[in-house]
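Peer 1: Have a look at the structure that comes next, please.
The values are calculated or read from the model by the stated rules, or taken from the named source; none is laboratory data. On a predicted model such as this, the values are computed, not experimentally measured, just so you know. Cβ: placed from backbone, ideal geometry, glycine included. Neighbour counts: every protein chain shown. What goes into the accessible areas is simple: the full protein's heavy atoms, side chains included, and nothing from ligands, DNA or RNA. Shrake-Rupley method; radii C 1.70, N 1.55, O 1.52, S 1.80 Å.
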Amino acid sequence: MSKPTLLVLAAGMASRYGSLKQVDSFGPHGETIIDYSIYDAINAGFGKVVFIIRKEFEATMRDKFDEKLKGKIEVDYAFQDFDLRKFGVDKDIVREKPWGTAHAVMSAKDIIHEPFCVINADDFYGTDAFQKMGQFLTSEVSDTHMSLIGFKVGNTLSDYGYVSRGVCEVSDEGNMASVIERTNIFYVSDEAGNRKIVYEENGVQYDLDAESRVSMNFWGFTPKIFEIALDMFPKFVEENGDNPKSEFFIPSVPDYMVRQGLADFKVIPTSAKWFGVTYKEDKPIVQESISALIENGTYPTKLF
């Protein structure tokens with residue numbers, strides 16, 4: 001079996017962060033968060049990394065990654081853009097932002113032919129998640145049995161604003177029964193001053209248990225996912241093309257596959273504390289967390 005591939009979603013505009021956080025420095029030698037993910041992936045047996053980017057980011061990304069990864073892992077790029085025709089939609093729709101994370105994944109359909117996992121460029125997942133996913137993709141995965149890493153939502157929030165998470169319902173067998181993308185999850189204080197987690201939908205706030213398992217866009221797929229997403233996307237555009245903020249999210253594809261009996265998705269649990277950089281204020285916290293992991297020997301001072 002070929003080594004699995006790491007697919008990194010790095011085409012976002014970072015509107016809440018204020019700069020191109022995909023190449024921002026967080027480690028002591030200018031390491032990006034992506035560098036730590038790639039380091040963990042190499043150690044977990046991955047053989048290739050594919051970056052999903054916007055075309056205008058290509059030179060910056062190549063300058064940042066190509067030379068230092070040479071001889072360590074194969075590198076390739078795919079581009080997320082506004083051309084709908086390559087996904088079976090014969091029309092032009094003017095938008096400020098592309099069509100979301102599942103649309104980004106489809107952009108790699110012609111260059112990934114082996115089991116792969118999807119991650120966000122700006123999320124720090126940790127060694128445990130990559131080791132568990134690498135093992136799954138080399139020993140368990142099939143077109144009818146895929147996976148995701150399930151974090152506790154209470155371990156994944158920012159203190160500085162709302163976040164989006166795919167909230168999972170997990171079956172007794174440990175599989176995903178459903179996953180729903182919640183785009184506005186944040187902390188609030190109740191009347192007694194205790195902090196709790198809520199999500200907001202259509203102006204209404206709903207409580208969310210801190211132990212709920214959520215997807216941080218760390219999915220384990222086979223190329224079968226491209227086929228299903230390509231079948232779903234034209235209908236999504238037809239129903240949502242007039243909404244400039246509509247997005248074709250990754251969780252909608254596994255959720256559809258589960259409901260149709262096409263595949264099950266193993267929720268691989270981790271108790272690790274995720275950290276990431278949704279907001280500029282998150283940066284020093286991430287830097288301190290990485291420093292602590294270097295001090296305890298999880299990572300070398302210089303990765304590459």
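Peer 1: Under 8 Å for C-alpha pairs, at least 6 residues apart: give me the relative contact order for region 66-207, rounded to a whole percent.
Peer 2: On the way: 111 pairs, mean separation 15.3, N = 142.
Once normalised by length, the contact order is 11 percent.
Peer 1: Here's something else I'd like to know. How about region 136-167: which chymotrypsin sites (Phe, Trp or Tyr not before Pro) there are in a DSSP loop, with at most 16 other Cβ atoms within 10 Å of their Cβ?
Peer 2: Numbers: sites: F136, F151, Y160, Y162; in loops: Y160, Y162.
When the chymotrypsin sites (Phe, Trp or Tyr not before Pro) of region 136-167 are filtered for loop state and at most 16 Cβ neighbours within 10 Å, Y160 remain.
Peer 1: D242 to S178: FRET efficiency via 1/(1 + (r/R0)^6), r the Cβ-Cβ distance, R0 22 Å, to the nearest 0.05? Walk me through the numbers before you get to the answer.
Peer 2: On the way: r = 27 Å, r/R0 = 1.22.
Plugging the Cβ-Cβ distance into 1/(1 + (r/R0)^6) gives 0.25.
Peer 1: Using a Cα-Cα cut-off of under 24 Å, which lysines could be cross-linked to K235, ignoring same-chain neighbours fewer than 8 residues away?
Peer 2: K86, K91, K97, K109, K224, K245
Peer 1: Heavy-atom accessible area per residue, the chain, 1.4 Å probe: how many Å²? Please report the intermediate quantities before stating the final value.
Peer 2: Working: 13820 Å² over 304 residues.
Value returned for the chain: 45 Å² of accessible area per residue.
Peer 1: Between H145 and T60, what FRET efficiency comes out of the Förster formula 1/(1 + (r/R0)^6) with R0 = 25 Å and r the beta carbon distance, rounded to 0.05? All intermediate terms of the calculation are to be shown ahead of the outcome.
Peer 2: On the way: r = 38 Å, r/R0 = 1.50.
Result of the calculation: an efficiency of 0.10.
Peer 1: 222 nm [θ] for the chain, helices only, -39500 (n - 2.57) per DSSP H run of 4+, per residue, to 500? Could the numbers behind the result be given before it?
Peer 2: Details: 7 runs with 80 residues, N = 304.
Taking each H run of at least 4 residues, the total per residue is -8000 deg cm²/dmol.
Peer 1: Right, another one. Using a cut-off of 12 Å between alpha-carbon atoms, which aspartates and glutamates can reach K64, once sequence neighbours fewer than 8 places away in the same chain are excluded?
Peer 2: D24, E31, D35
Peer 1: Please say if region 240-285 is rounded, prolate or oblate, where rounded means a/c under 1.5 for a ≥ b ≥ c the square roots of the C-alpha gyration tensor eigenvalues, and otherwise the choice is prolate for a/b larger than b/c and oblate otherwise? Before the final figure, lay out each step's value.
Peer 2: Values: a/c = 7.42, a/b = 1.27, b/c = 5.83.
Oblate.
Peer 1: Is the C-alpha gyration tensor of the chain telling us rounded, prolate or oblate? Criteria: a/c under 1.5 is rounded; beyond that, a/b larger than b/c is prolate, otherwise oblate. Kindly include the intermediate steps, with their values, before the conclusion.
Peer 2: Details: a/c = 1.23, a/b = 1.03, b/c = 1.19.
Since a/c stays below 1.5, the shape of the chain is classed as rounded.
Peer 1: Shifting gears a bit: Of W99, T301, Y256, which is farthest towards the positive pole of the chain's charge dipole, taken about the Cα centre with +1 and -1 on the beta-carbons of Lys, Arg and Asp, Glu respectively?
Peer 2: Farthest towards the positive end: T301.
Peer 1: Sticking with this structure for a sec: Stretched out fully, how many nm does the piece from N155 to S271 gain, at 0.36 nm a residue minus the Cα gap? It would help to have the intermediate numbers written out before the result.
Peer 2: On the way: separation 116, 0.36 × 116 = 41.76 nm, distance 0.80 nm.
Between N155 and S271, full extension yields 41.0 nm more.
Peer 1: Give me the extension gain from K196 to S171: residue separation times 0.36 nm, minus the current Cα-Cα distance, reported in nm with one decimal.
Peer 2: Details: separation 25, 0.36 × 25 = 9.00 nm, distance 2.48 nm.
In short, 6.5 nm is gained.
Peer 1: By a straight-distance test (C-alpha under 18 Å), which lysines pair with K132 as possible cross-link partners, with residues fewer than eight away in the same chain excluded?
Peer 2: K3, K48, K152, K266, K273
Peer 1: Here is a follow-up. Please list, by residue number, every one of the chymotrypsin sites (Phe, Trp or Tyr not before Pro) in region 28-128 that is coil in DSSP and has at most 15 other beta-carbon atoms within 10 Å. Could you put the intermediate results ahead of the total?
Peer 2: Details: sites: Y36, Y39, F46, F51, F57, F65, Y77, F79, F82, F87, W99, F116, F124, Y125; in loops: F46, F82, W99, Y125.
Those satisfying the criteria are F82.
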